Amino acid sequence: MEQISNSQLQEHQQQWPALMGRAMELAASVLSAHPNPRVGCVLEKQGRIVAEGWHEAPGLPHAEAMALAMAGEQAAQATVFVTLEPCSHHGRTGPCSEALINAGVAEVVIAGLDPNPSVAGQGVAALQQAGIRVWQLSDFEARARALNPGYFKRREQGLPLVRLKAAMSLDGRTAMADGEAKWITGAEARADVQRLRLASDAILTGVNTVLLDDPSLNVRPENLRFSEAEQQANSQLLRRQPLRVILDSQLRTPAVARTLGIEGQCLIYTTAEAAGSRSHLAKAELHRVSSESGRVHLASVLESLARDHECNEILVEAGPTLGGAFLSAGLVDEIIVYMAPKILGSDAKPLFEIAGFKSLDHCIELQCQDVRQVGPDVRLLYRPILSTD
Ligand SMILES: NC(=O)c1ccc[n+]([C@@H]2O[C@H](COP(=O)([O-])OP(=O)(O)OC[C@H]3O[C@@H](n4cnc5c(N)ncnc54)[C@H](OP(=O)(O)O)[C@@H]3O)[C@@H](O)[C@H]2O)c1
């Protein structure tokens, strides 16, 4: 495979960044293709786009197959721009590398290799063996990963991407002392959270939030505020609910908990030794994992979600105890905070319960990645700075 950067492109390749950019846009129009990656594809011939494709959901055509079907005979001698290496294996659909070879395309330009061990370079090799020139547009590699951060993390580390979301006041409080928390933020922020839920493969919370708030933890399409185009691009996704996951070391979740009774699958992770009530077992799939200080071992939960449920991205919507525990364990990839223009006072609950820091040397350092106004609230996106020790 030939690596080429934007600055090395020849005269006849000057359109390549724009065409790959378009393929990226197509991929991003779908919020999640779980458990598959989001992929976009553009076919170019004689300077114009002859077909476009994207992958919507497992079992549906891959981006390349969709574009080839749209192109018909025009696919012969076309240049293909695809955000991820074409697959080479027989999964739910046939291998895309074979379809591209059979269609007689001239060249294939990819943004990144597929970390899936049953593809990992073999898609490129199959194309090359058939005499098709394959390029990697190296300036797009980081964007290819950013399109599917959870997919890459699961394939490379056996763990899902963990996104921790919380709503807080200006003074960093997330609920009143008695647990009252509805609603700290406005309707726009709550619609944004609905999008986060839709893009996630699982929504995870702690048993205390279930006991105090009795949340549904589901996607409510009517609250998404989608445009018609967004509605269309995500029509498959809107037919499913993300998994709902409760971490409950002593099986205290009540059988009548709202989240157990609604459409979609619910999982409860507990410890091997938990002997609490099992009356809700009929409504939830129970997983027993090892414990740490008497509580569910968080890394084991994440490994199980990646391995047993193919979760690429999970959203933690918990209170300060579980949020603090995920952070202290170094298991968080992103923190999204919606900050409301309110002061809840010092009796209210904090954003994270993390005890024991004695000096600034102990603090968890974050990098702010994005700030935007959402209705009356401010949405902040942070990523922990990984220690280099
Ligand atoms: N503002 C917001 O964004 C937001 C979001 C959600 C909740 N809330 C508020 O948060 C409050 C509840 O917060 P909370 O801190 O009490 O509850 P929480 O963080 O939702 O749940 C904590 C519980 O999770 C269980 N757990 C299981 N494994 C754990 C582990 N490894 N580490 C830590 N906990 C583990 C523990 O119970 P066991 O030991 O029994 O398993 C623990 O008590 C409510 O008032 C709710 O309204 C606010």
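Computed quantities for the displayed model
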quantity: Criterion violated by R190 - all others in (1) of a type in the set (K, R); (2) within 16 Å of the ligand (Cβ to nearest atom); (3) within 13 Å of the chain's Cα centre (by Cα) satisfied; calculated: (3)
quantity: Within region 282-352, strands (runs of 3 or more DSSP E) holding 3 or more residues that are among the β-branched types (V, I, T); calculated: 334-340
quantity: Scan of region 349-374 for residues that are over 27 Å from the mean Cα position of the chain (by Cα) and within 11 Å of the ligand (Cβ to nearest atom), ordered by number; calculated: K349
quantity: Any chance L161 is more than 16 Å from the ligand (Cβ to nearest atom), more than 21 Å from P376 (Cα to Cα) and buried (at least 21 other Cβ atoms within 10 Å of the Cβ); calculated: yes
quantity: Unique match (being assigned to a loop (DSSP other than H, G, I, E, B) and within 17 Å of P37 (Cβ to Cβ)) among V124, V105, V119; calculated: V119
quantity: Flag for A166 being assigned to a loop (DSSP other than H, G, I, E, B) and crowded, with 16+ Cβ neighbours inside 10 Å; calculated: no
quantity: Members of region 333-363 found to be more than 19 Å from E317 (Cα to Cα) and modelled with pLDDT of 95 or more, listed by number; calculated: P341, K342, I343, L344, G345, S346, D347
quantity: From the options A299, A255, A329, residue that is out of contact with any helix residue (DSSP H, G or I) (no Cβ under 6 Å at 6 or more places or on another chain) and either free of Cβ contacts under 8 Å to residues at least 24 places away in the same chain or closer than 29 Å to L31 by Cα (or both); calculated: A299
quantity: Failed item, numbered, when R133 is tested on (1) crowded, with 17+ Cβ neighbours inside 10 Å; (2) at pLDDT 95 or above; (3) away from the ligand (no atom under 16 Å from the Cβ); (4) not hydroxyl-bearing (S, T, Y); calculated: (1)
quantity: Scope region 1-43; condition in contact with a Phe, Trp or Tyr (Cβ under 9 Å, 6 or more places away or on another chain), in a loop (DSSP other than H, G, I, E, B) and free of Cβ contacts under 8 Å to residues at least 12 places away in the same chain; matching residues; calculated: L9
quantity: Selection status of S216, in a loop (DSSP other than H, G, I, E, B), farther than 26 Å from R307 by Cβ and either modelled with pLDDT of 95 or more or not charged (D, E, K, R) (or both); calculated: yes
quantity: Exclusive hit being farther than 30 Å from A275 by Cβ, touching an Asp or Glu at 6+ places or on another chain (Cβ under 8 Å) and not aliphatic (A, V, I, L, M), set G172, G186, G179; calculated: G186
quantity: Selection within region 314-330 - more than 10 Å from the ligand (Cβ to nearest atom) and surrounded by fewer than 24 Cβ atoms within 10 Å (Cβ to Cβ); calculated: L327, G330
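A quick yes/no check of all residues on (1) farther than 26 Å from V219 by Cβ; (2) in the same structural domain as L212 (by TED's automatic domain parsing); (3) more than 10 Å from the ligand (Cβ to nearest atom); (4) surrounded by 17 or more Cβ atoms within 10 Å (Cβ to Cβ):
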residue: L260; (1), (2), (3), (4): no, yes, yes, yes
residue: Q265; (1), (2), (3), (4): no, yes, yes, no
residue: E285; (1), (2), (3), (4): no, yes, yes, no
residue: G294; (1), (2), (3), (4): yes, yes, no, no
residue: D347; (1), (2), (3), (4): yes, yes, yes, no
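The values are calculated or read from the model by the stated rules, or taken from the named source; none is laboratory data. Small disclaimer: the values here were computed from a predicted structure and weren't measured. Note that each Cβ is placed from the backbone with ideal geometry, even for glycine, and that neighbours are counted across all protein chains shown.
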